[in-house]
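Everything on this sheet refers to the single structure shown next.
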Amino acid sequence: MIRFRSVRTLALAAGVVAAVMLGTACGGDDDGAKPTKTIEAKTPGGSGTAATAPSTDKEQKVQVLYKDNFFDPKDITVPAGTKIKFETKNVGAAIHNMVILSKDGEGKDYSSDTMVLPGKESDFEVTFKKKGTYKFQCDYHVPDMVGTITVN
Ligand SMILES: [Cu+2]
């Protein structure tokens, strides 16, 4: 009776461990497999660029690196009313993220994936409607890992 029970417990525990590992693996894969950069990097040259980037859909890319423990760059300036695509990458050894504390001005905060593991990327888009200054931070390393976005 006792032996049977402990085998069941062991099987249960193994199942939980497997599920956790599976979940972690899936999350990591999702972050890594984004081939969008390669497509956008293509420049066919000449007048071809105008067709792929209509003037009505303004977008600006901002690359931010996570290091241990600071943002590079930590001071960012972007125009208001333009879609900003934050392309963030963790080049450090710790877990990081980027949370823009814009709730007061823009009605909500914006952020990367909650956990960006070492070597992983996380992109997100923000269109700031109002001019102003917003602080951003890594939830894991405040108050050391912080920065400022100036919208003008
Ligand atoms: Cu951090």
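The values are calculated or read from the model by the stated rules, or taken from the named source; none is laboratory data. From a predicted model like this one, the values you see are computed outputs, not experimental measurements. Positions of Cβ are generated from backbone atoms using ideal geometry, with glycine treated the same way; all protein chains shown enter the neighbour counts.
Per-structure values
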| item | result |
| --- | --- |
| Per-region count, the stretch 121-147, residues surrounded by 13 or more Cβ atoms within 10 Å (Cβ to Cβ), closer than 13 Å to Val62 by Cβ, touching a residue at least 40 places away in the same chain (Cβ under 8 Å) and more than 13 Å from the ligand (Cβ to nearest atom) | 4 |
| Residues of the stretch 99-120 classified as more than 15 Å from the ligand (Cβ to nearest atom) and within 16 Å of Val62 (Cα to Cα), total | 1 |
| Residue under evaluation Thr43, criteria (1) out of contact with any helix residue (DSSP H, G or I) (no Cβ under 8 Å at 6 or more places or on another chain); (2) β-branched (Val, Ile, Thr); (3) at pLDDT below 95; (4) outside any helix (DSSP H, G or I), criterion not met | (1) |
